[in-house]
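Here is the structure we will look at.
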Amino acid sequence: MYLIISISYTPEAVKAFFLTFSCRWYIIHTMKRVNYHLTDPQIKGLKALSKKTDTTVAEHVRRAVDRYLASINAGREAKY
């Protein structure tokens, strides 16, 4: 069985494809696998949130870390 897909090769479509591919390629190669210890309630909460929002646990952890680091950096800038 073969699947035939018609693709438009307009300059805009090609540019959009390469920008998307480039961004995804960059994201894939900048992530590192790490291990941290969480409590059972934290794990259960993350899994429930993941199921409710249809987003991976890892993505929720990344977002939480980003928010935490931003708040720490904002606090440092406010002091000076």
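The values are calculated or read from the model by the stated rules, or taken from the named source; none is laboratory data. This is a predicted model, so every value here is computed, not measured. In this analysis, Cβ positions are derived from the backbone assuming ideal geometry, glycine residues included, and neighbour counts consider all displayed protein chains.
Identify all residues within the stretch 41-80 that are assigned to a helix (DSSP H, G or I) and of a type in the set (S, T, N, Q); write none if there are none.
Hits for the stretch 41-80 are 42, 50, 53, 71, 73.
Residue 51 passes all but one of (1) at pLDDT below 90; (2) over 13 Å from the mean Cα position of the chain (by Cα); (3) charged (D, E, K, R); which number fails?
It fails just one condition, (1).
Kindly establish whether residue 33 is exposed (fewer than 10 other Cβ atoms within 10 Å of the Cβ) and at pLDDT below 95.
yes
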